[in-house]
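Some notes on the structure that comes next.
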Amino acid sequence: MGSHRPTVLVAGLGDTGVLVATRLSRSCHVIGVSTRPALVSGQELGTRLTDLPRWRRTYLVPYRRFRRLDAIDVVHGRIVQTDFKNSAVEIETSTGELRRANYDAFVIATGVSNGFWRHDRIEDLAAIDTTMGAVNEQLAAASTIAVVGGGATGVSVADNLARSSDAEVHLFHSGNEPLPGFHPDVRRWIVRRLASDGVSVHPEHRAQIPSGFLGDTLTTDPIDWSSGQEQFSADVVLWAVGAVRPHTSFLPASVLDEDGFVEVDAHLRVIGQANVFAVGDVAASDPLRSSARNWGYRVIVGNVRALLSGHESKFRDFKPAPYRWGSLLGLQSDGLTVVQPNGKRVRIPRPIAQRLLLGTFVQRVLYGGLRRSNS
């Protein structure tokens, strides 16, 4: 790339955005835009709701702790408009100011809204702490908890709550088995695991969601079912119905599919845009939108470098897995269980998972080292 350091704009500094930004900063000037001053992961909601202090240590990390982000221009705010023709964006900062930023390459990693745990509100650290604490307190005070939704989030929340509290936990889902998109062997295993951990599972229950409700708060009203069952009442209802909404309001409709996700090709490049890429939950990369888990950041980093050096012939393809995979229940007393795309499970003993995987691999290898939390 010569002596000139091209500018790469990364919209969204979640798990994937941070990985992209830190690696491209070695050869580019990187501007990262985030609605929060910290990495607030959407992963492992179950353990976040049952052991917030431990969850925070791994999944809520202020950007000032990332050594590799020192070279990056991190902007606390959100992009409000995109000008593809002139390769520029307008950013509304957390102080209400407007800032224009030009780019040579643009990476969209803004993610999606999903329940109360994923959103694009501009927040500071104090607001993040207040919101998390209030949700955990409400759940801790409940004697009966209903979790609506049989995806990975619903399963994780229900199982962790049942294992860690005296509450009666009910999981409702619309299909015959939970975990759509996972291998059939994983789906059968999780049914057995939920039962053994004390979760009352109710299949073939399709909730009647109140008009205009986005599932972004806990509720206390009885649940009605469009599938015909009687009302169900609980002290607290947590909605994990998968009503994801992509954070793409700053983009023109021409680059979005009918559901608002960013259309990309096999290289994760936005259709019709030579120097714009998208990765993670916001990218319509495959039916499962799985580029966040299947090393999509590596494809993005390699292809942005190839583009900026004039070697598009070296573009890499993104290859999704046939089924969803990963940790479903988070770190437990007996270790960390990771389900594979082929349906098999790998259990990593707790000391190894905590020290080597979450400590050494995630913090040092992936993130490149973190400063101590009190620095």
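What follows draws every value from the coordinates through simple rules; no lab data is involved. Everything numeric here is computed off the predicted structure, so don't read it as measured data. Note: ideal-geometry Cβ built from the backbone for every residue, glycine included; neighbour counts use all protein chains shown.
After finding the eigenvalues of the alpha carbon gyration tensor for the stretch 88-177, what semi-axes result from the square roots of 5 times each, listed largest first in whole Å?
Gyration-tensor ellipsoid for the stretch 88-177: 37, 19, 9 Å.
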HN-Hα couplings for the stretch 141-149 via Karplus (6.51, -1.76, 1.60; θ = phi - 60°), in whole Hz with x for Gly/Pro, come out as 8, 7, 8, 10, 10, 10, 10, 9, x
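Charges only on Cβ, +1 for Lys and Arg, -1 for Asp and Glu: so what's the dipole of the chain about the Cα centre, in debye to the nearest 20?
Here the chain has a charge dipole of around 2060 debye.
Highest mean first, how do 71-80, 164-173 rank when packing is the count of other Cβ atoms within 10 Å averaged over residues?
Values: 71-80: 18.3, 164-173: 20.3.
Descending packing order for the listed peptides: 164-173, 71-80.
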Could you order peptides 324-336, 18-30 by the average number of other Cβ atoms within 10 Å of their residues, highest first? 18-30, 324-336
Ratio Rg/Rh, restricted to the stretch 127-239 and using Cα atoms, in which Rh is the Kirkwood radius: 0.96
In whole percents, the bins of 20 Å from zero upward hold the Cα-Cα pairs of the chain as 28, 58, 14, 0
Determine, for each peptide in 227-239, 101-113, 347-359, 294-306, the mean count of other beta carbons within 10 angstrom over its residues, then list the peptides with the highest first. 101-113, 294-306, 227-239, 347-359
With θ set to phi - 60° and the Karplus curve 6.51 cos²θ - 1.76 cosθ + 1.60, what are the ³J(HN,Hα) couplings of the stretch 232-249 in order, to the nearest whole Hz, using x for Gly and Pro? 10, 10, 9, 5, 9, 10, 10, 9, 10, 8, x, 7, 6, 10, x, 8, 9, 5
Net lengthening on full extension, Asp124/Glu230 (0.36 nm per residue, minus Cα-Cα): 33.9 nm
What angle, in degrees between 0 and 90 and rounded to the nearest 10, separates the Cα long axis of helix 125-140 from the longest principal axis of the Cα atoms of the chain? 20 degrees
How big is the gap, in Å, between the Cα center of the stretch 347-363 and the Cα center of the stretch 77-121? 34 Å
Inter-label distance, nm, simple model (7 Å from Cα along the C-beta direction), Arg64/Leu98: 3.1 nm
Could you compute the FRET efficiency for Glu137 and Val362, with r as their C-beta to C-beta distance and R0 at 35 Å, rounded to 0.05? 0.80
Backbone HN-Hα couplings from phi across the stretch 218-229 [Karplus 6.51/-1.76/1.60, Hz, Gly and Pro as x]: 6, 10, 10, 6, x, 9, 9, 10, 6, 8, x, 6
Gap separating the Cα centres of the stretch 217-279 and the stretch 285-339, nearest whole Å: 20 Å
Provide the gained length on full extension for the span Glu258 to Ile271, in nm with one decimal, where the gain is 0.36 nm per separating residue minus the Cα-Cα distance. 3.3 nm
Rounded to 0.05, the calculated FRET efficiency for the beta carbons of Arg316 and Thr217 at R₀ = 41 Å is 0.50
Describe numerically, in nm with one decimal, the distance between label points set 7 Å from Cα along Cα→Cβ at Asp73 and at Ser333. 5.2 nm
